Structures are given as structure tokens and as C-alpha cells.
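Below is one structure, written out as C-alpha cells, with a few remarks after it.
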Number of protein chains: 2
Amino acid sequence: MKIAVLGVGLIGGSLARALKRSGWATSIVGYARREDELQKAIELGVIDRYALEPEAAVAGADIVVLCTPLKAMESLLTRIQPALTDKTIITDVGSAKGVVVEAAMNALGSLPAGFVPAHPIAGTEKSGVEASFAELYDDRKVIITPVEESVDWAVETVKEMWESAGAVVESMTVEKHDDVLAATSHLPHLLAFTLVDLLAHNSEHKKIFHYAAGGFRDFTRIASSDPVMWRDISVTNKDAILSNIEQYQNHLASLKALVEAQDEQSILEFYQRAKAARDAHIE
Amino acid sequence: MKIAVLGVGLIGGSLARALKRSGWATSIVGYARREDELQKAIELGVIDRYALEPEAAVAGADIVVLCTPLKAMESLLTRIQPALTDKTIITDVGSAKGVVVEAAMNALGSLPAGFVPAHPIAGTEKSGVEASFAELYDDRKVIITPVEESVDWAVETVKEMWESAGAVVESMTVEKHDDVLAATSHLPHLLAFTLVDLLAHNSEHKKIFHYAAGGFRDFTRIASSDPVMWRDISVTNKDAILSNIEQYQNHLASLKALVEAQDEQSILEFYQRAKAARDAHIE
């Protein structure tokens, strides 16, 4: 399989390494905006060769994997369109999927049969090709979100690619994906950013952070995530995020009402349900 | 120094062990409701002897340390009152301090000169005397919250006790303590309980938890905390918690408005401020 990886950072670089490890890829061509990053990728053995134009990287590829920030995808798809054939499989790694479908519609006019959006649930707080490693996807989940236009052979091949990279692949609709991710990832990030920014507004914030114990550290760890990436997610998955914030606001208001009313029994049941759900489903 | 530890669990047991380690305590008497727990504490070498009545444990003590749940303190203080002298120092380890002052007022009629509330910012997710260890307080913070009535020698002795247990002692008012803890500990716990309970309400919750990645695990870890303890904190530090929830609601509403308006620049600045504050003050 000849692979074109557009965007050779942590995510794209790790995929390239994993596909070399398994032997699934016969050749991997990289594209990135900065040539020094591409040269580094060559030196590290992550890719076989590179192109300075995305359309050149894509020419002759069996699979094109978009590993750039979400907001770069539309213009990239516009540029590579002339190099795509009926047989080219196009997939991506974006954390929101509705926006990728929209970008493809805008760039290509319609969704090609080989188009299969995907999202690996993996990553570290680091970025760049130096941070990439072949084991990143081992036993991690990858959600593929085929659209109506996606043909079976394309869906199967994308699934195979991720499995050969070590991942466990599951499939759901674009809408379901965006809602699940809004609930389990986007909402928690926004809640953590909100808490830390609230405390940082307080004139006594240094003192407050100073007394923060381990629980606070864990709770706010995700507030140290990349602000640019999270801005992009916040605008690209806007509808699902807003709906999840609203549900959260309602639920917080109901807990607040219980505290206000000193309803000890209902407060206890609330916390017991939460603890039981977490203990049953997480770790 | 003769110490009476009322409530010999993780917190009281670890304090007893630490005071034996440093040699600061010449004798440690324990009291608990269950005799088998006290016998276990003797076997483990945590306390020297025990009493089955709190007033007997307190008789002759230089310092009485209340290490029971917050809601047990008032009745305990009522029972030990006859055994207290002008020289007895009374302190506690409760996570909220206003409620302890109130309990002392109710039980004793007025605040004694030897009364110095305190709160060690330490603990693990375990409980019981078997979980106690001498190093629990090493380099951890203990906040003491002297009241107007507290005399200097009592404040100094409580400070000395915690320092000999390995802790770093800082002092603030009762009100400030309750507000700081509401912001850095109580609010995050309530936010985490709310998120997990919200997702557990969803009929698809198993699927949702199933896709949760590492960030979600960290963010919700505190939702696995003891529901009874958190119910008690929620009602005993009610005012500060409600005020902090309100501030949080307002701040979340303003982030939601930015997302709704797709105000990319302001969203970015919001996240950047949060990340900068966390990176500067935590870890």
C-alpha cells in the first residue's frame, strides 16, 4: 500500500511509524508546510520521501491520510483534488467529523466513494514528528465514521490500516461521533479551562493555586492542553458542544438546588450514582 | 506531650504515627466508636492505649485532636466538655472550618482559649487505620485557622505539632479557608460528580464511557471519592460552595457565549490564560 501522509507531526508521524512496523505500507510519502520538519521525518525513518506540494505527495497514493489541523483540511483537499482518482482512499484523523465532511463537500463538490473519515482516540501532550512513536495506537480506539457515499472496499481498507497500526476500530455515524466526543472530551476540556480561568481571575489566585492538592492537579491537567487546537475544536464541533454545555448547566443547576435546600439524601444519591458509574466504567 | 486522638482512621492514625516518629508525643490515647478498630490501632503500634468513652480519652491530655467526620464533632465536643481544662488545646482536621467553629460554639457555649481549628491538605482515597502511615503529612500543607479567642501558646503548639509531623503550616481566617477550599477542592469535586452523573443518565452511557480517553479519566478521578464525606462537606461548607458554583456558572456561560458567537480570538485568549495560569502555578 502506498500511503500519503499530509501533516507529519505526532499523529501522522506515529501512524507512519506503525504502518512501517507492521509492513502494511510499502511506501510512505510525507507532506508538511515546513521542509525542515520533513527532513527530520526522513532522518528519523518515519517517511520514505517527501513532497513540498500536497498534490505531488498524493499522486499515485492508494490512501491519503489528512493529519493536519482541522481548519487546514478544506484548502488541502482543494489542492489535492486534481491528483485524486476513483480508487484513491481519503481519510483523516480529526477530532471532530462533521466539519471534515463539510470541508470535503466544499472542496470536492461531492463526497467521493473513497472518502472515510476517522478519529484515533490517542495522543500525548507533546507535538511534532520527534514526539512520534510506533506504539501510539497499540490497543487504542479508532472511530471510523463512514458516510453514505463511502464504499465497502474503502471502509474495509481504512479499518485494516488502523488495525495494522495496532488499534481497535469501531464504527459510528458522524453525528454520533461528534456528540460522544463532545460529552467525553470536548465538554471536560471546556469545564477545566473555565475553572482554571475563573480562579486565575481572582486576585488571590496565586494563593489559591498554592493550596490546590492532588485532586485539583488531576482535574485541571487537561486545561494545560494546546489552546489553538482547542479553539479549533470549539468552533468546528460547535453544535454538539453547545448542546452538551446546556445539559451540563442544567445538571449543575439541579445539584446546586439540592445543596441550597440541604437535601442530604438526594445529594448523597447524586454522588453515589456518579461514583458507581465511574467505578463501573472507568479503570 | 500527651495527645488524645478522637477518631483513629487514615487521618488520625497517620498523625499519631507521625508524632511517634518525631518523638513529639510522649503518649497517645485513642478513641473511636468501634473497639475492634482501636485494638487494631494498638496492634499496629499507632496508639499507646485507648478509651471507649471520649471523656476518658481526653482526661489529662495536653492536646485533643478531633479526627472524626465533621458531623460527629458537635456531639463529641459536648461529651468531652467536662474533661477539658483551661490548658487543654483543642484542634481538629475537618475540611471545612466554619462548621467546626459553629459546632464548638453550640457544644461549649463559647470558644475556649485553647481552641485552634486546623485542616491538613492531605489524604488518600483509602480509609481506616490500616491505611495510615507516618509519612502522610511530609511536606504537605496544613492550614490553621485561629479564631479571635485562640491564645498564642495554643496556636504555637498546634503549629509545632504539625511541623513535627512533617507538614508545612500556614495560617488564614476561617472564612478565607472555607472560600479557598470551596474553589480549589469542593467546586472541582462537585463539577466532576455532575459530569459523571450527567453521562450516566444518558442511555448510551456505557458506550460513552467506553470511548473516554486518559483526559477523561484524570478529570473524573475525584468523582470516585467517598459520597458520604462529600455530602457532609457539601452541607457544612454550603455558603462558600454556592457562591463558588455561581461564579463558575457565570464564567461557563461567558465561554458558552463565545462559542455560540464563534469568537475565535476570545476563545483562544480564554484558553491561553487558563493554560498559562495552570502551567505557572501547578506542577
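Readers should treat all values here as calculations from the given coordinates under stated rules, not as data from a laboratory. No experiment lies behind these values; they were computed from the predicted model shown. Cβ sites come from the backbone with ideal geometry, for glycine too, and all protein chains shown count toward neighbours.
Numbers below:
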read-out: Mean separation of Cα contacts under 8 Å, 6 or more apart, over the residue count of chain B: relative contact order %; value: 16
read-out: Over segment B:177-281, volume per residue of the alpha carbon convex hull, in Å³; value: 136
read-out: Förster radius 25 Å - calculated FRET efficiency between residue B:124 and residue B:34, Cβ distance, rounded to 0.05; value: 0.75
read-out: Sum of side-chain charges, residue B:61 neighbourhood, beta-carbon under 15 Å (Lys, Arg +1; Asp, Glu -1); value: -2
read-out: Most mobile listed residue (B:191, B:84, B:15) in chain B, GNM with C-alpha springs under 10 Å; value: B:191
read-out: Copy-to-copy label separations for residue A:153, where each label sits 7 Å from Cα toward Cβ, in nm and ascending; value: 9.3
read-out: Which of B:103, A:214, A:181, positive extreme of dipole for the protein assembly as shown (C-beta unit charges); value: A:214
read-out: FRET efficiency for residue B:49 and residue A:264, using Cβ-Cβ distance with R0 set to 45 Å, rounded to 0.05; value: 0.80
read-out: Globularity ratio of segment B:55-121, using Cα Rg and 2.2 N^0.38 Å; value: 0.98
read-out: Per-residue Cβ neighbour rank within 10 angstrom, fewest leading, A:73, A:172; value: A:172, A:73
read-out: For segment B:2-172, the fraction of alpha-carbon pairs in successive 5 Å shells from zero, as %; value: 2, 10, 20, 25, 23, 15, 5, 1, 0
read-out: Under the Karplus curve 6.51 cos²θ - 1.76 cosθ + 1.60, θ = phi - 60°, whole-Hz ³J(HN,Hα) for segment A:143-149, x wherever Gly or Pro sits; value: 9, 9, 10, x, 9, 4, 6
read-out: Nitroxide proxy distance, nm - points 7 Å out along Cα→Cβ at residue B:133 and residue A:176; value: 4.4
read-out: Order of B:226, A:86 - criterion: other Cβ atoms within 10 Å of each residue's Cβ, fewest first; value: A:86, B:226
read-out: Candidate aspartates and glutamates for bridging to residue B:256, where Cα separation is under 13 Å - those fewer than 8 sequence places away on the same chain excluded; value: A:239, A:246, B:264
read-out: Selected from A:94, B:47, B:249, residue furthest toward positive end of dipole (the protein assembly as shown; charges at beta carbon); value: B:47
read-out: Within segment B:87-105: backbone nitrogen closer than 20 Å to the residue B:242 label point (7 Å, Cα to C-beta); value: B:96-103
read-out: Which listed pairs, of A:40/A:71; B:71/B:176; A:238/A:275; A:2/A:97, have C-alpha distances above 27 Å, in listed order; value: A:238/A:275
read-out: Calculated label separations, residue B:71, copies of the chain, 7 Å along the beta-carbon direction, nm; value: 5.0
read-out: Most mobile listed residue (B:219, B:209, B:270) in chain B, GNM with C-alpha springs under 10 Å; value: B:270
read-out: Axis-proximal residue, chain B, for the rotation superposing B on A (Cβ, Å); value: B:218, 2
read-out: Fewest-first ranking of B:148, B:175, using other Cβ atoms within 10 Å as the exposure measure; value: B:148, B:175
read-out: Among B:239, B:138, B:218: highest mean-square fluctuation, GNM of chain B, C-alpha pairs under 10 Å; value: B:218
read-out: Computed label-point distance, nm, for sites residue A:86 and residue A:24 using a 7 Å Cα→Cβ extension; value: 2.6
read-out: Amide hydrogen neighbours beyond the local backbone of residue B:92, cut-off 5 Å, H modeled; value: B:66, B:118
